[in-house]
Structure formats: C-alpha cells, structure tokens
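Report on the following structure.
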Amino acid sequence: MITLEVDEAYAFDFLSIMEVKKMAFNDEDSDSAYVVCAKSIKRQVGEELFNKILLSRQYFDLLAINSAQFDLLNHIRAGGEVSADRLDYLNRRRYKLKVDLQTKFFNSPVAERKTENVSRDDESK
C-alpha cells in the first residue's frame, strides 16, 4: 500500500465509495477495505470529527451520489443506455458535495478542479 496526500473531502469521498461497494458486494474483502480506509482517516482527523462527518448531511449526500453513480455504471455495463448529460450531472454534483464537505468541516478549498462547460469546438483548441 502507498499513502497519498489528498484533501479531506477526497478521502471521505473515497470512504463513501468503499461503503457503497461494501453494501453492494457484502463480502469480507469489501468490508476489510472499508475498515482499513476508515481507520486511516480516523487516525488522521480524530475520532470525534470522523464520527461527526459520518453522521453529517454532507457525507450522507456524498454516499447517495456515489451509490447512484455505482448503480448507473452497473446499468451501463448491463447494456443499458444513459445520456452523457446524466453521467455529467452526477459527476458535477459529486464534486459540489465534496466542496461542501471540505468547506464545512475543514474550512479550506478542495485541491481537485473541474473544467467548465466546454463545447466540442473548444476542445480542439
């Protein structure tokens, strides 16, 4: 394993993805991956703040959007069709939720940046 320095919202986003997988797969490997991630984050931010974030609306919403993305990707893998706008909406919403979590609990900006809406003509420039 390697340790990678990321902002706190990124870490909690990753934890919520691990939680989605833990619920979806319901197996020992997924449970173990979640526990390892949770312990690492808790060790760094402290148990009190960790628990406060896990019980927050921000984390709940992040978990919900990651669950929706997980379900959408499974739908696509099964041959279902989804508009690019729907996938883009979920991705942008997830980013906004990470910004909200970072701002509320850590009072700092996220390191990740998203591009603005770019037309296909602008992509070649």
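All of the numbers you see were taken from the coordinates with simple rules; none came from a lab. All values reported here derive from a predicted model rather than from experimental measurement. Glycine gets a Cβ as well: all are built from the backbone with ideal geometry, and neighbour counts include every protein chain shown.
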Practice task
Relative to the longest principal axis of the C-alpha atoms of the chain, give the angle of the C-alpha long axis of helix 84-106, reported between 0 and 90° and rounded to the nearest 10°.
Solution key: 30
Problem - Normalised contact order of the chain, rounded percent, pairs of Cα under 8 Å and 6 or more residues apart - result: 31
Exercise for the section: Considering only lysines 8 or more places apart in sequence, or on different chains, count the pairs in the chain whose C-alpha atoms sit under 14 Å apart. Expected result: 5
Completion exercise
Per the C-alpha gyration tensor (a ≥ b ≥ c, the square roots of its eigenvalues), segment 4-114 is rounded if a/c is under 1.5, else prolate if a/b beats b/c, else oblate; here it's oblate
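What is the extension gain from N26 to A78, computed as 0.36 nm multiplied by their sequence separation minus the C-alpha to C-alpha distance, in nm to one decimal? Before the final figure, lay out the partial values.
Working: separation 52, 0.36 × 52 = 18.72 nm, distance 2.01 nm.
Extending this stretch completely gives an extra 16.7 nm.
When the dipole is taken about the Cα centre of the chain, and only Lys, Arg (+1) and Asp, Glu (-1) are charged at their Cβ, what size is it in debye, to the nearest 20? Each step should come with its number before you reach the end.
Numbers: 19 positive and 22 negative charges, 54 e Å.
In debye, rounded to 20, the chain gives about 260.
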Handout entry: Local electrostatic count at K98 - Lys and Arg +1, Asp and Glu -1, tallied over other residues with Cβ under 12 Å
Key = +1
Problem - Dipole in debye (nearest 20) - segment 13-64, about Cα centre, beta carbon charges: Lys, Arg +1; Asp, Glu -1 - result: 220
Problem - Degrees, to the nearest 10: 8-25 long Cα axis against longest axis of the chain - result: 90
Exercise for the section: Treating the angle as unsigned and between 0 and 90°, give the value, to the nearest 10°, between the Cα long axis of helix 28-45 and the longest Cα principal axis of the chain. Expected result: 70
Fill in the blank from the handout: Computed, not fitted: 222 nm per-residue ellipticity of the chain from DSSP H runs ≥ 4 (each -39500 (n - 2.57)), nearest 500, equal to -24000 deg cm²/dmol
